[in-house]
Structure formats: structure tokens, C-alpha cells
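First up is the structure itself, then whatever we jot down about it.
The values are calculated or read from the model by the stated rules, or taken from the named source; none is laboratory data. Given the structure is predicted, the values throughout are model-derived calculations rather than measurements. Here the Cβ positions follow ideal geometry from the backbone for every residue, glycine too, while neighbour counts run over all protein chains shown. Heads up: the accessible areas ignore ligands, DNA and RNA and are worked out on the full protein's heavy atoms, side chains in. Shrake-Rupley method; radii C 1.70, N 1.55, O 1.52, S 1.80 Å.
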Amino acid sequence: MIIITGPTASGKTGKAVALARAIGAEIISADSRQLYRGMDLGTGKDLDEYGNVPYHMIDICPAGYKYNLYEYLRDYQACYDNITSRGKPVVMCGGTGLYVESVVKGIQLPPVPENRELRAELETKSLDELTHILKRYKTLRNNSDIDTPKRAIRAIEIAMYYHNNPHLKAQTEPHPLADAVVIGINIDRDARRQRITWRLKARLEAGMVDEVRHLIESGVAPADLIYYGLEYKFITLHVMGRLSFDEMFTQLETAIHQFAKRQMTWFRGMERRGTHIHWLPYDLPDADFVTAVLNITNSQG
């Protein structure tokens with residue numbers, strides 16, 4: 001499997017589509033927000049770029065839902081098995097480092113049943129108290145488990161289940177994929193910032209504010225949209241009258257720049273943790289990009 005990753009606005013989708021078209025592959029998305037239906041402009045789905053290249057893991061659940069890593073690994077595996085059973089190669093494309101690294105490392109998460117007694121015991125505790133409890137069982141590498149009390153309680157439920165069932169530990173240990181080739185789209189800071197600003201303006205002109213209004217009018221709670229962060233957080237605050245358009249634009253632009261930096265921090269961490277990423281220039285023409293990736297793949301194989 002070939003994985004195309006990199007920071008936001010680096011042009012991953014176009015490069016992945018060019019590669020998939022060249023080798024007859026299908027694409028599995030590794031983007032944590034493109035999963036949601038109706039969240040199109042804000043997540044940069046750019047579905048017109050795919051043309052006749054089949055894609056998976058996009059538009060699979062309703063806006064407002066809070067998808068998690070367990071679900072992603074389960075659904076990714078089903079897609080992968082389906083594609084390969086038909087003799088097709090797989091290209092994964094996305095910038096959600098947690099998803100990419102978990103797939104590359106072969107992480108498996110056994111299903112964990114609901115513990116109603118534990119939930120009743122924890123529901124009166126504050127988020128700080130829940131975070132302290134969770135830290136007894138696992139190292140927190142990101143804030144996804146503790147962004148709401150409900151998610152923190154579920155994270156504790158899972159951690160305690162694994163703790164009390166040590167025979168499952170072997171299933172949760174990494175089993176790195178032997179044949180995964182990870183390609184990173186390398187873009188310098190100045191170019192990345194320019195592309196982020198240009199893309200944000202283009203999406204706003206294309207109707208991103210109206211997209212958020214429509215989601216709210218269709219019944220998605222503003223708090224659920226704010227939960228997704230970035231475009232959906234700041235535009236929702238604007239639609240609710242809590243930010244002017246200029247305030248929204250300035251704060252959102254800054255947040256996206258910060259997000260891209262965090263993505264690069266994650267990718268550097270992946271490399272320190274043993275994942276080799278082959279970095280290729282963002283402005284490499286598609287044909288040259290495909291040739292470079294195939295050369296890397298052949299030399300690694």
C-alpha cells in the first residue's frame with residue numbers, strides 16, 4: 001500500500017489521484033473530517049479531482065457524529081479487504097496523522113463493551129478529574145480522548161477494559177505493515193502559508209458560510225460543529241453572531257496555520273517512532289511525482 005500524506009494545503013489529493021490513475025488503484029481517505037456528509041467545502045473534499053478514480057471513507061456518517069479511531073480502523077480494514085479482494089492496489093491519502101500512523105503500525109483495537117456501572121460512577125466527575133484517571137492507564141499523545149467528559153469516560157472505559165483483560169494486550173500492540181510505502185508532500189513554510197490563505201479565500205467565496213448555515217438549519221447542533229474545529233468552529237461562531245466576518249477570517253486563518261504546524265510535528269514524531277517517510281516536493285509535476293513514487297516503491301520492494 002502507498003500512503004500519500006502531508007500538511008493541509010500541500011496538494012495531497014491531486015497527487016494521490018494522479019498516482020491512483022497511473023496504477024489502477026482505489027483511494028482510501030485518511031482525513032478525520034471528510035468522513036462527514038454535508039461538510040464539503042470546510043473539509044476540502046474536492047471530489048471533482050477524483051474523476052473516475054474510486055474513493056472510500058468519505059461521506060460515510062452524518063454531520064454531528066463523533067467518529068473515533070476504533071471505527072476508522074474497522075472501516076479502513078473493510079475497505080482495504082474489499083479493494084484487494086478485487087485485485088486492485090490501494091492508495092491511502094490524508095493528513096490525519098493518528099489515522100495514518102495507526103494503519104502503518106498495524107494497530108488493532110478489539111471492541112470494548114459498555115460498562116454502565118463504571119459510567120454511572122464517573123458521570124459526576126469533572127473533565128480534569130477524568131483526565132487524571134485516564135492518565136493512570138495511558139499516555140495522552142493528543143487531546144481527542146479528553147475534549148469532552150463523554151469521550152473521556154469512554155476512553156477510561158476502554159483503558160480499564162484492556163487493563164482488566166491482559167490477554168487482549170497483544171492485539172493492541174503495533175504490528176507494522178511490511179509493505180507500506182509512506183510518501184510525504186514536502187512544502188516550505190512560506191508556500192504553505194500562501195496556499196492556506198488563498199484556499200481559505202476561495203472556499204469562502206464558494207459558499208463555505210452558507211454550508212455551515214445549512215448544516216445548522218438541517219438540525220446539526222452548533223456545539224457539534226464547533227467540536228470539529230477550524231472552519232466549522234470559527235464560521236459557526238460567525239453565523240451565531242459571536243464573531244464578525246473579519247474576526248472570523250483572521251482567527252480562522254491563524255488556526256489553520258497552527259494546525260499545519262501541528263501536523264508537521266506529528267509527522268516528525270512518526271519518523272522518530274520508526275516510520276520512514278519519503279518526502280517529495282509539493283510542486284513536482286504529477287507525471288514526475290508518479291515516477292518518483294514508483295521508483296521508491298520498486299526499490300523498497
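Cβ neighbours within 10 Å, averaged per peptide: list 79-88, 146-155 in order, most packed at the top. Kindly include the intermediate steps, with their values, before the conclusion.
Details: 79-88: 12.9, 146-155: 17.9.
So the peptides 79-88, 146-155, ranked by packing, come out 146-155, 79-88.
Using the Karplus relation 6.51 cos²θ - 1.76 cosθ + 1.60 with θ = phi - 60°, the per-residue 3J(HN,Hα) values for the stretch 32-40 come to 6, 10, 6, 5, 9, 6, x, 9, 9 Hz, with x marking Gly and Pro. Between the listed residues Gly229, Asn298, Thr250, the Cα displaced farthest toward the positive end of the dipole of the chain, a dipole computed from Cβ unit charges relative to the Cα centre, is found at Asn298.
Distant-in-sequence amide contacts of Tyr55, defined by a placed amide H-H separation under 5 Å and a gap of 5 or more residues or a different chain, comprise Ile27. Per-residue Karplus couplings for the stretch 118-127, computed as 6.51 cos²θ - 1.76 cosθ + 1.60 with θ equal to phi - 60°, are listed in order as 5, 4, 5, 5, 8, 5, 8, 7, 6, 4 Hz, Gly and Pro entered as x.
Here Rg and Dmax of the Cα atoms in Å was calculated from the structure, and among (i) 19.2, 62; (ii) 28.0, 100; (iii) 19.9, 58 it sits at label (iii).
Only Lys, Arg, Asp and Glu carry charge here, each on its Cβ (+1 for the first two, -1 for the last two); on that basis the chain has a dipole of about 700 debye about its Cα centre. Taking amide hydrogens as placed 1.01 Å from N in the peptide plane, the amide H of Arg37 sits under 5 Å from those of Ile60, Cys61, Ala63, each at least 5 positions away in sequence or on another chain. When nucleic acids and ligands are ignored and a 1.4 Å probe is applied, Thr139 ends up with an accessible area of around 120 Å². For Val181, nonlocal amide neighbours, meaning residues 5 or more places apart or on other chains whose placed amide H falls under 5 Å from its own, are Ile2, Ile3.
Could you list, in their original order, any pairs among Lys150/Lys233; Lys12/Lys261; Lys138/Lys169; Lys12/Lys88; Lys201/Lys261; Lys135/Lys261 whose Cα atoms are separated by more than 24 Å?
On the way: Lys150/Lys233 19 Å; Lys12/Lys261 16 Å; Lys138/Lys169 13 Å; Lys12/Lys88 21 Å; Lys201/Lys261 20 Å; Lys135/Lys261 26 Å.
Those over the limit are Lys135/Lys261.
Protection proxy ranking of 286-295, 112-121, by the mean of other Cβ atoms within 10 Å over each peptide's residues and highest first, is 286-295, 112-121. Each residue of the stretch 228-236 was assigned a 3J(HN,Hα) from its phi angle through the Karplus curve 6.51 cos²θ - 1.76 cosθ + 1.60 (θ = phi - 60°); the sequence is 6, x, 6, 3, 6, 5, 6, 6, 4 Hz, with glycine and proline shown as x.
Mean residue ellipticity at 222 nm, helices only, the chain: -16500 deg cm²/dmol; runs of at least 4 DSSP H residues each add -39,500 (n - 2.57), and the sum is divided by the number of residues.
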